[in-house]
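I have placed the structure first, in the form of structure tokens, so that the comments after it can refer back to it.
The values are calculated or read from the model by the stated rules, or taken from the named source; none is laboratory data. No experiment lies behind these values; they were computed from the predicted model shown. When we count neighbours, we look across all protein chains shown, and the Cβ atoms used for this are built from the backbone with ideal geometry, even at glycine.
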Amino acid sequence: MSEKYDVVVIGSGPAGYVAAIRSAQLGLKTACIEKWKDAKGKGVNGGTCLNVGCIPSKALLDSSYKYHEAAEELAVHGISTKGVTIDIPAMLARKNKIINQLTGGISGLFKANGVTALYGTGRLLAGKKVELTDNDGAVSVIEASNIILASGSVPIAIPVAPVDNDIIVDSTGALEISEVPKRLGVIGAGVIGLELGSVWGRLGSKVVLLEALDDFLAVMDKAVAKESKKIFTKQGLDIRLGARVTGTEVKGKEVEVTYQTADGGELTETFDKLIVCVGRRAFTEGLLAADSGVEVDERGSIFVNDFCATNVPGIFAVGDLVRGPMLAHKGSEEGVMVAERIAGHKAQMNYDIVPNVIYTHPEVASVGQTEEQVKASGESYNVGVFPFAASGRAMAANDTDGMVKIIAHKDTDRILGCHIVGPSAADLTQQVAIAMEFGSSAEDLGMTVFGHPTLSEAVHEAALAVNGSAIHIANRKRR
Amino acid sequence: MAIEIKAPTYPESVQEGTLATWHKQAGDTVSRDELIVDIETDKVVLEVVAPASGVLAEVLKAEGDIVLSNEILARIEEGTVVAASPAASKAEPDTDVGGVMVNPAAKKLADERNIDLSEITGTGKGGRITKEDVVNYSPAAPSAPAAAKSVSADTDTTMPVGERVERRVAMTRMRSRISERLMSVTQSTAMLTTFNEVDMSAMMGLRKQYQDEFTKMHNGTRLGFMGMFVKAAVEALKRFPLVNASIDGTDIVYHGYQDIGVAVSTDRGLVVPVLRNAENMSIAKVENEISSYAGKARDGKLTIEEMSGGTFTITNGGVYGSLLSTPILNPPQSAILGMHKIQQRPMAVDGQVVIRPMMYLALSYDHRLIDGKDAVQFLVAIKQLIEDPAKILLEI
């Protein structure tokens, strides 16, 4: 039995479900296949992001931050707190409730938009057909005029630290830890490592992050990365750079980790729990039949052009499955672009203005080029920096770590990049991202009226600082 | 009542034009016959004036847009011109220019630099004019070709000394067109050049002897060389009709008239106004026409009709110092005569070395049509006619 659709999406993570909803909105007959199952074996939408990624981690970050604030940060306000405790199972239950709400929400959105939700494993065959093996094992073949592959990514496994989901866990397991580990090791001090390390660190773990690279947050703007490291170290996160793990040994309820240091020495450390988060890779296992015709690149991602079309006409791929930053919103916008292109619109995506955020506290966020990238391109530029320590609103909130940094082209004043570590960095960066979409110069932001007292004003002042006219900090002598 | 402002009717040879410059913005008051907008075509800049007085209400085309013949460009709300009404009747800062959004810093900078925002093409989202666009805008940019503007495209070539900078400037429509035509000539014709030299002493003697009388007789028109060269060319073309012909597909079209194009160099490029039926023109008339064309060309006021057609062209690189060159054909013509600098040279005349004012002549021709022998003999004929002007008179 062969059903025919205009669009079949394989995967219902943020890239897949958004592509499916948009297709349906544009009048295309759409189906979305999802293989994720909950504990009861029921099909669940939302992919990594909703189930074991963005959403649950943010829920735990907020819960743990509130605990930390209540336990440590209220005395300065004159509030005394004693015996603040946190019920980990309750914290996890709240996280799970949010997940259920959102994944259920996707099913609701599918219904509302007329997307046919299919549950099971989807495999791309030749000739624009998809083989569906449903959760009972029944196999059927679906025909489609267009197929969007959105099977996402999985954590990269390293042989020296094999995940056993008990003592050694990956990011998924890290969201289910049932009691606060006394000593927590984290392999990889990237976005995920910092976030998960922050959660358990706030709840009482002594956290050590082992980062193989010599630079902290190597792809971020160096000045902001440096400031961030200072802040996280002050918070108690022990970040060790140039630390390459060479072996792990689980001994009962603890694990001994051996790693090489930057100067060639070797050290060992014992932890009660070890989280492995060294990155993610595109997930293509079982996705493509041998004769599907779709090409995979050397890193295992599906090869696509600027419009997410694969080498096979009518087959597209989006999200973590393809090149580019592995960010949910990047996947979603690619999903929208592909759906619209299938419907005949001339949609395209601006890959140059994609914000990215680390949801620690303070948040770290950036959009556009780093100072190092601008320098390497040979363009001359100006920089404006405003520290939150000079922001009235930040002082009132007792949240003054960090700064806003804006980079603009020297001659045209066009904003090239914005990098923020500080309170609400994500939302402030978004403001600059919007301005950049409209070709804004630093002066344009400087000419915009910002409410007072807000954290946003830090953006305003940094923009003014680019051209030496900041009011609330001394401007660097330039002209 | 709304009145439409339309692009003029283009002559047959012109397909489309580009809207070059708006001299008025939406909301401006305009008077009848006031210059509103310039449209640039391959050959000329057409000026469009207001057909009536009123307020420029709707601007439908932006600078840089393609404009077809008779296309509606804007509308005027008719009415008596209200004297001294404040231009900014809008409550907030005037950030709109003819419907295009302008970023705040862009407007500020444009005001400071006295730049007319209507001359800038916005590169921001939705065509917005960004500060970058204003910073990068220089009035020397070829988007304002109207001859009335004093700055010409090539004068702003000052580059900072010692830096390896580059300046990228889009070609004007005219330049692009010239570029296309020359490429196509090179590729579609079998162009060769034959050379000869002419002793100008007879012609120069004639000029010296009769200049005053000529000028008096012909109301101030001076006797130059072009008049006589055109006459010589006409005479030679009558004897070699193939040189006056053109190829059309697989046919050879023999023209029963001689329309001689005379190349004139202007700031914006080479233009070739045509002397129609030159075979019927007196030398004085030729001189007059050429002089009038040269003036119009410099002012950018040559019409398309004046530059169309032509069966043969004469170009003179000598005024710039060229001693010898290979002129390029002016399609669909099959030949072009190149005049050069007159240079005193030692020549052998009757066994003696004498100094003569010599000019090299070049005839580029399309070998598909004209064989070497005909080209050479044609050029020899011209040489003989120039060296002995009586021959022109006597048609021998």
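Quick notes
- Scanning the stretch A:416-436 for residues that are touching a strand residue (DSSP E or B) at 6+ places or on another chain (Cβ under 9 Å), within 14 Å of another protein chain (Cβ to nearest Cβ) and either in a helix (DSSP H, G or I) or more than 16 Å from A:Ala365 (Cα to Cα) (or both) yields A:Ala433, A:Ala435, A:Met436.
- The number of residues in the stretch B:350-396 that are in a helix (DSSP H, G or I) and touching a Pro at 6+ places or on another chain (Cβ under 6 Å) comes to 0.
- Enumeration of residues in the stretch B:22-50 that are in contact with a helix residue (DSSP H, G or I) (Cβ under 8 Å, 6 or more places away or on another chain) and within 30 Å of B:Pro331 (Cα to Cα): B:Glu40, B:Thr41, B:Asp42, B:Lys43, B:Val44
- Residue in the stretch A:453-471 that is within 14 Å of another protein chain (Cβ to nearest Cβ), among the β-branched types (Val, Ile, Thr), surrounded by 20 or more Cβ atoms within 10 Å (Cβ to Cβ) and touching a Gly at 6+ places or on another chain (Cβ under 6 Å) present: yes
- Cβ pairs under 7 Å, 6+ apart, first in the stretch B:97-124 and in contact (Cβ under 8 Å) with a residue 12 or more places away in the chain and away from chain A (no Cβ under 12 Å), second of a type in the set (Phe, Trp, Tyr) and not in a helix (DSSP H, G or I): B:Gly98/B:Trp22; B:Ile115/B:Tyr137; B:Ser118/B:Trp22; B:Ile120/B:Tyr137
- A:Gly439 touching a residue at least 12 places away in the same chain (Cβ under 8 Å), in a loop (DSSP other than H, G, I, E, B) and within 14 Å of another protein chain (Cβ to nearest Cβ): yes
- Exactly one residue out of A:Thr400, A:Thr370 is without any contact (Cβ under 8 Å) to a residue 24 or more places away in the chain, out of contact with any Cys (no Cβ under 6 Å at 6 or more places or on another chain) and crowded, with 16+ Cβ neighbours inside 10 Å: that is A:Thr400.
- Among residues of the stretch A:252-292, those that are among the aliphatic types (A, V, I, L, M), buried (at least 18 other Cβ atoms within 10 Å of the Cβ) and over 30 Å from A:Lys129 (Cα atoms), counted: 6
- Residues located in the stretch A:219-251, provided they are assigned to a strand (DSSP E or B), surrounded by fewer than 18 Cβ atoms within 10 Å (Cβ to Cβ) and in contact with a Phe, Trp or Tyr (Cβ under 9 Å, 6 or more places away or on another chain): A:Arg240, A:Arg244, A:Thr246, A:Gly247
- Candidates in the stretch A:280-300 are the residues that are in contact with a strand residue (DSSP E or B) (Cβ under 7 Å, 6 or more places away or on another chain) and not aliphatic (A, V, I, L, M); of these, the one that is farthest from A:Val312 (Cα to Cα) is A:Arg280.
- Residue ranges of helices (runs of 4 or more DSSP H) in the stretch B:215-334 with at least 3 members under 25 Å from B:Gly205 (Cβ atoms) and of a type outside the set (Val, Ile, Thr): B:226-239, B:283-299
- Residue among B:Val30, B:Val14 that alone is over 26 Å from B:Glu305 (Cα atoms) and not assigned by TED's automatic domain parsing to the domain that holds B:Lys301: B:Val30
- Residues located in the stretch B:30-84, provided they are modelled with pLDDT under 80, within 30 Å of B:Ser179 (Cα to Cα), of a type in the set (A, V, I, L, M) and in a loop (DSSP other than H, G, I, E, B): B:Val44
- Options A:Val383, A:Val367, A:Val374; residue that is part of a strand (DSSP E or B) and either farther than 30 Å from A:Trp200 by Cβ or within 14 Å of chain B (Cβ to nearest Cβ) (or both): A:Val383
- Residue identified as touching a helix residue (DSSP H, G or I) at 6+ places or on another chain (Cβ under 8 Å), under 28 Å from B:Asp42 (Cα atoms) and of a type outside the set (A, V, I, L, M) among B:Pro332, B:Pro327: B:Pro327
- Single residue of the stretch A:420-451 satisfying the filter (more than 26 Å from B:Lys108 (Cα to Cα) and among the small types (Gly, Ala, Ser)) that is surrounded by the fewest Cβ atoms within 10 Å (Cβ to Cβ): A:Ala426
- Identity of the residue in the stretch B:341-396, under 19 Å from B:Ile314 (Cβ atoms) and of a type in the set (Val, Ile, Thr), that ends up surrounded by the most Cβ atoms within 10 Å (Cβ to Cβ): B:Ile386
- Scanning the stretch A:148-184 for residues that are among the charged types (D, E, K, R), over 22 Å from the mean Cα position of the chain (by Cα) and under 22 Å from A:Asn96 (Cβ atoms) returns A:Asp166, A:Glu179.
- Filter result for B:Ala233 (buried (at least 20 other Cβ atoms within 10 Å of the Cβ), of a type in the set (A, V, I, L, M) and out of contact with any helix residue (DSSP H, G or I) (no Cβ under 6 Å at 6 or more places or on another chain)): yes
- So A:Ala408, is it within 14 Å of chain B (Cβ to nearest Cβ) and surrounded by 18 or more Cβ atoms within 10 Å (Cβ to Cβ): yes
- Within the stretch B:323-357, the set of residues being over 24 Å from B:Ala190 (Cα atoms) and of a type in the set (Gly, Ala, Ser) comprises B:Ala348, B:Gly351.
- When each of A:Ala408, A:Ala394, A:Ala470 is tested for being in a helix (DSSP H, G or I), small (Gly, Ala, Ser) and modelled with pLDDT of 95 or more, the lone residue that passes is A:Ala394.
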